Every structure is written in structure tokens, then in C-alpha cells.
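Novice: Mind looking over this structure? Questions follow.
Each reported figure results from applying straightforward, stated rules to the coordinates on display, with no laboratory input. In this text the structure is predicted, and so the values were computed from the model without any measurement. Neighbour counts are summed over all protein chains in view; Cβ atoms, including those assigned to glycine, are modelled from backbone coordinates with ideal geometry.
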Amino acid sequence: MKKDLLSIHDLAPDDFDLIWEKAAKLKKDLKEGRPHASLRGKTLGMIFDKSSTRTRISFEVGMYQLGGIALFLSSRDTQIGRGETIADTARMASVYLNGIMIRTFAQEAVEEFARFASIPVINGLTDLLHPCQILSDLFTIKEKKGSYAGIKVAYIGDGNNVANSWIEAAAKLPFELALACPEGYDPDKNVIAKAVPEAKKIIKIHREPAVAAKDADILYTDVWASMGQEAENEQRKKVFKNFQINAHVLKEARKDAMVMHCLPAHRGEEITADVLEGPQSIVIDQAENRLHVQKAILEILL
């Protein structure tokens, strides 16, 4: 792997296998009570410009389980919030820390941080991409289905950072991706442009959820309004009202299809409660695997 993990687009085919093999071993060893202290004496700085549940817990617990420590750095409590430049912060952090995980708004901020840092930088989420989420989700699919090769993933909802990272993954790996997004809410044009030369036959955007869900092995959704879009919430409810995973859409998928959601979920909006809590839902397994995959990433990079 490269020094940093900023996007799935930057990963080589061997990187996926390395991450998932290590994640599977770390998960098995944790379940069977075999401790790992591979990062003893190492420190991860975690910069949060956006609130978090799974990202913070999984990275913090992951560092602890690997023998290291994680420092929570809110922009409200550091000089970043008072105007210190990214370049100065990155160079200063490189003196104290062994790695940085950033959860922020602009992808450009993470990339600038990586340019000036001499330590590994991990993209914990930006408005454009969410690579750690999709790497964990693909690991979950591999666990549940035996392989991601040849399966169909149907993503229904907003063409947001999660959708963008799904597109990057589909351009690298042998699975089919169908997206259903309202007109005007498609994934990022630049992300699509980079992916299409590699995967134009397996990445398709539809306007009807049932069409995208047809014969899918995985149904996937995310919230209609992401962090920073709260002012658009009521408008988005109108636009997205038909872009929901429900019993009707689930019937279009394969009988053994599984339902995924990166959480937090708004029951009755992007997904109905009966489907989210139903026997085909693997959302908690999916959330758990954030811990194991991110531990693998940390061990590889740090």
C-alpha cells in the first residue's frame, strides 16, 4: 500500500487482499482471545470536524486493542479551529504522532494534510469519499457470500460519499454495481469519469429503485441528507420519497439478498423498520467489521 489511505481509487488489487486477510486474522484472534500488541507505543491522532459514532469508536478501540493509543482532536479544541494552516498542523503532528485519521468536509483538506505530513494519513470520511466504510462493507460481503466476485450490489438513495466510494470499488473489483438516484442527485461526475473507463459495463445509474434492485445480491442505502445538508432535509424528503428500501424493493432482489446500511438509519425514510430489523439485514455485522478492517489498515500503515 501507499503511505496514505485517501481513496479506494488509489489502491492496487493486492492491497484489497492484504487488508482483508489481515482483518480476518485479527477478527479471529480477537474472538478466540489472542491479543495483538503490534502497535504498542504508537499513537494515532484523530481529527474530527464532523461528529461520529462508528468511526470514532472503531478507530479508538482498534488502536487500544493493538496496544497503541488514540487521541481525539476536535477542531473546536485545537489551533486548527483558530486558523492554523493545514500544512503547519500536518508537519507539527508528524513530530508527535505515528499516524493521523481525519473526518472532515473537504477531500482537498485530507489530501493537503497528506502532502505535508511525513506520517500515514487515513481518510475517515469526507463529503466526497468514505473509503474505510466500503472496504469494511466488502469484507462483510466476502464473509457472508464467500466472495464479492460476480455479485450485484444495488445502492439506492443519494449519490453521496458512500455511493462515490462504491463506484471506486466497482472500478477495481469484479462485481456489478447498480445505483438508483433521483435526477440531480447523482454521484460525483469526476468520480464517475475516472471509474467508467475501467468499469463502464458494470456501473449503471437508474431512476427507479426496483430496476436497480432487480436480481441484486446486496441492497444498500444511506441517509437522504448527510451531515452539512440539514437545511435541505425537508426538500430531500420530497425528492427521495420513492428511493427507499422496503419490502416491495426487497422482493425484486434475489431470495437470499442481504440488506446493508452504513448507519445511522432513519427508519421510515431511506429504509423501513421491518427490512432494517428483518432476517436479511446484516447492518450490525457490517458495523462490527469497521473495527476489524480499520485495525488491519492501522497495522499495515503504522
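Novice: Looking at segment 133-286 only, what percent of DSSP beta bridges run antiparallel? Nearest 5 please. Could the numbers behind the result be given before it?
Specialist: Numbers: 0 of 20 bridges.
If we restrict to bridges inside segment 133-286, about 0 percent are antiparallel.
Novice: Test of understanding: ordering H248, H261 by Cβ neighbours within 10 Å, fewest first, what list do you get?
Specialist: Working: H248 13, H261 25.
By the 10 Å Cβ count, ascending, the order reads H248, H261.
Novice: Could I ask something else about it? Return the loop-located trypsin sites (Lys or Arg not before Pro) in segment 1-53 (DSSP other than H, G, I, E, B) with at most 14 other Cβ atoms within 10 Å of their own Cβ; answer none if there are none.
Specialist: K2, K3, R40
Novice: Mind telling me which of Q65, Q107, Q229 comes out most flexible in a GNM of the chain, alpha-carbon contacts under 10 Å?
Specialist: Q229
Novice: If you restrict to DSSP beta bridges whose two residues both lie in the chain, what percentage is antiparallel, to the nearest 5?
Specialist: Numbers: 0 of 36 bridges.
Beta bridges within the chain, antiparallel portion: roughly 0 percent.
Novice: With +1 assigned to the C-beta of every Lys and Arg and -1 to the C-beta of every Asp and Glu, and no other charges, what is the dipole magnitude of the chain about the Cα centre in debye, to the nearest 20? Could you put the intermediate results ahead of the total?
Specialist: Working: 40 positive and 42 negative charges, 112 e Å.
For the chain, the charge dipole is close to 540 debye.
Novice: Could you check how many percent of all C-alpha pairs in segment 133-286 are farther apart than 21 Å?
Specialist: 38 percent
Novice: Sticking with this one: Identify the trypsin sites (Lys or Arg not before Pro) of segment 217-302 meeting these criteria: DSSP loop state and at most 13 other C-beta atoms within 10 Å of the C-beta.
Specialist: Numbers: sites: R236, K237, K238, K241, K251, R254, K255, R267, R290, K295; in loops: K241, R254, K255.
Here the sparse-neighbourhood loop sites are K241, K255.
Novice: Between E84 and K241, what is the label-to-label distance in nm when each label sits 7 Å out along the Cα-to-Cβ direction?
Specialist: Going from the E84 label point to the K241 one covers 4.9 nm.
Novice: Tell me the chymotrypsin sites (Phe, Trp or Tyr not before Pro) within segment 91-135 that lie in a loop according to DSSP and have at most 16 other beta-carbon atoms within 10 Å.
Specialist: Details: sites: Y96, F105, F113, F116; in loops: F105.
Counting only loop positions with at most 16 other Cβ atoms within 10 Å, the chymotrypsin sites (Phe, Trp or Tyr not before Pro) in segment 91-135 are F105.
Novice: In Å, the Kirkwood hydrodynamic radius of segment 22-165 over pairs of distinct alpha carbons?
Specialist: Details: mean 1/r = 0.0599 Å⁻¹.
With all distinct Cα pairs of segment 22-165 included, I get 16.7 Å.
Novice: Let me ask something else about it. If each of K145 and K194 carries a label point 7 Å out from its Cα toward its Cβ, how far apart are those two points in nm?
Specialist: So the two model labels end up 2.4 nm from each other.
Novice: Sticking with this one: Based on alpha-carbon atoms only, what is the radius of gyration of the chain relative to the globular estimate 2.2 N^0.38 Å? If you can, show how the numbers build up before the last one.
Specialist: Details: Rg = 18.8 Å, N = 302, 2.2 N^0.38 = 19.3 Å.
Here the answer is 0.98, to two decimals.
Novice: Also: Check which residues have an amide H placed less than 5 Å from A257's amide H, if you skip close sequence neighbours.
Specialist: Counting only residues 5 or more places away or on other chains, the set is empty.
Novice: Please list the non-local residues whose amide H lies under 5 Å from the amide H of A180, H modeled 1.01 Å from N, same-chain partners needing a gap of 5 or more.
Specialist: When sequence neighbours closer than 5 places are left aside, the close amide H contacts are Y155, I156, G157, H206.
Novice: Continuing with this model, one more query. So how tilted is helix 107-116 from the main axis of the chain? Cα-based, degrees 0 to 90, rounded to 10.
Specialist: 30 degrees
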